[in-house]
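Before any comments, here is the structure.
The values are calculated or read from the model by the stated rules, or taken from the named source; none is laboratory data. These numbers come from a predicted model, not from an experiment. Heads up, the Cβs are rebuilt from the backbone with ideal geometry, glycines too, and the neighbour counts pull from every protein chain shown. Surface areas here come from the heavy atoms of the whole protein model, side chains and all, with no ligands, DNA or RNA. Shrake-Rupley method; radii C 1.70, N 1.55, O 1.52, S 1.80 Å.
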Amino acid sequence: MKAEPKYIPQSILSHIDKDTRITALTGAGISAESGIPTFRGKDGLWKKFRAEELATPEAFRKDHRTVWEWYRFRQDIIGKASPNPAHHALAEMEKLFCNFHIITQNVDGLHRRAGSSRLCCLHGDIWEARCIREGTVTACLPGKDGDPVPLCPSCGALMRPNIVWFGEALPADELEKSYRLARGSDIFLVIGTSSLVYPAAALPMIAYQAGAALIEVNPDESPLSEIAVHIKEKAGTAVPGILEEFRSALG
Ligand code: OAD
């Protein structure tokens, strides 16, 4: 008798072919092994910093210099980080499956750096700034503490980080595409997210209710763990393991 695969149940693997529709929703946990702190949990950023003073439109109106300092601080950490085996494994999955997509809540750009291109970025991009008057988006190169805040190259107005803050709407086109992907997935992977921040947190349930197999990679429990196949491991080990099982299943 053949042993059950370690990560993905055989009942799912035996239905896989290159047209299988697979979507991966990722969160801060996938970048943890690249050295980028997550938001929640014991060492999470929101344990040390107050989100309402740094990641809201009100905070930016009140003190844009402090908000820019916070993003410069995070750019500094992210700029030194590299994609880890989990990012690379997802980039490989895109090559194996015609209908493979990533929906990410991360703003660190590591999926793109690993080579993924079918990407929905729900929460923005830390390497972009946006004019608060005209909405012009420009590249936001790493800065350092004390640098002047960026001004719009076309109109001179203040620029803000091109990040979705608490209380703001997500980019409508990316969100619509994410809902479509969730409704149309055969397999929905949820990797390194606490599944607490909406609307991203609704996507796994949408996929599940539409009939997708739900697979969660997270060393800890989340609200999804009860209904998903829960792989209680770090992404850097589990996601390459899943890739290998997909490869073998494709033959
Ligand atoms: P969280 O910090 O809320 O959750 C990270 C999750 O990753 C936790 O459930 C951890 O258990 C898990 N985790 C930690 N290390 C891991 C590893 N090596 N492998 C796999 N999982 C691991 O981050 P998000 O769910 O992404 O919003 O947070 C959602 C949003 O809240 C973020 O996008 C951010 C934040 O405020 C914005 O910046 C707009």
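Under the combined filter of DSSP loop state and at most 12 neighbouring Cβ atoms within 10 Å, the stretch 143-251 retains these trypsin sites (Lys or Arg not before Pro): K144, K232. Just grab the label-to-label distance for E52 and V229, each label 7 Å out from Cα along the Cβ direction, in nm (one decimal). Between E52 and V229, the label points sit 4.2 nm apart.
Using a 1.4 angstrom probe on the protein heavy atoms only, could you order S11, S31 from most to least accessible area? Don't skip to the answer; put the middle values down first.
Details: S11 80, S31 0 Å².
Correct descending sequence by accessible area is S11, S31.
Projected over all directions and averaged, the alpha-carbon convex hull of the stretch 1-46 occupies 5.5 nm².
Counting only protein heavy atoms and a probe of 1.4 Å, the accessible surface of the stretch 170-217 is 56% carbon and sulfur. To the nearest 10 degrees, how steep is helix 85-96 against the longest Cα principal axis of the chain, on a 0 to 90 scale? Compared with the principal axis, the helix lies near 60 degrees. The distance between label points at A3 and H15 comes to 2.6 nm (points 7 Å beyond Cα on the Cα→Cβ vector). Take the stretch 84-234 with all the other protein chains still there, run a 1.4 Å probe, and you get 45 Å² of accessible area per residue. Straightening the chain between E244 and R65 buys 59.8 nm, computed as 0.36 nm per residue apart minus the Cα-Cα spacing.
If you count the DSSP beta bridges with both ends in the stretch 131-251, what percent of them are antiparallel, to the nearest 5? Show your work: numbers first, answer last.
Details: 2 of 10 bridges.
So the antiparallel bridges amount to about 20 percent of the total.
The number of Lys pairs in the stretch 19-156 with C-alpha atoms less than 24 Å apart, excluding pairs fewer than 8 positions apart on the same chain, is 9.
Helix 172-183 and the long axis of the chain differ in direction by around 10°, with both axes built from C-alpha atoms.
Extension gain for M205 to L151 (0.36 nm times residue separation, less C-alpha to C-alpha distance): 15.3 nm.
Quick check on the chain: of the DSSP beta bridges with both residues there, what percent are antiparallel, nearest 5%?
Working: 8 of 30 bridges.
Close to 25 percent.
Measure nothing fancy, just the Cα-based angle from helix 235-250's long axis to the longest principal axis of the chain, in degrees from 0 to 90, nearest 10. Computed tilt is about 40 degrees. Largest accessible area first, the residues H87, H101 order themselves as H101, H87 under a 1.4 Å probe with ligands, DNA and RNA left out.
Kirkwood hydrodynamic radius computed over the stretch 154-251 comes to 15.4 Å, based on all pairs of distinct alpha carbons.
Taking all protein chains as they are arranged and a probe of 1.4 Å, the heavy atoms of W68 leave approximately 10 Å² accessible to solvent. In the chain, if the dipole is taken from +1 on Lys/Arg beta carbons and -1 on Asp/Glu beta carbons about the Cα centre, which of A114, L224, V149 is farthest to the positive end? Farthest along the dipole direction, towards plus: V149. When nucleic acids and ligands are ignored and a 1.4 Å probe is applied, I227 ends up with an accessible area of around 70 Å².
Would you mind checking the stretch 229-244 for residues with the amide N under 16 Å from a putative spin-label position 7 Å along Cα→C-beta of E221? Backbone N within reach: 229-233. Restricting the stretch 1-98 to trypsin sites (Lys or Arg not before Pro) that sit in a DSSP loop and have at most 15 other Cβ atoms within 10 Å of their own Cβ leaves K2, K6, K18, K42, R50, K80. Rounded to the nearest 5, the antiparallel percentage of DSSP beta bridges internal to the stretch 81-161 is 70%.
Pick out, in residue order, every one of the GluC sites (Glu not before Pro) in the stretch 152-228 that is DSSP loop and has at most 11 other C-beta atoms within 10 Å; say none if there are none.
Details: sites: E168, E174, E176, E216, E221, E226; in loops: E168, E221, E226.
Those satisfying the criteria are E226.
Within the assembled protein chains, the solvent-accessible surface assigned to I77 is about 50 Å², based on a 1.4 Å probe. Projecting the Cα atoms of I102, F73, P85 onto the dipole axis of the stretch 58-133, where Lys and Arg carry +1 and Asp and Glu carry -1 at the beta carbon, places F73 farthest toward the positive end.
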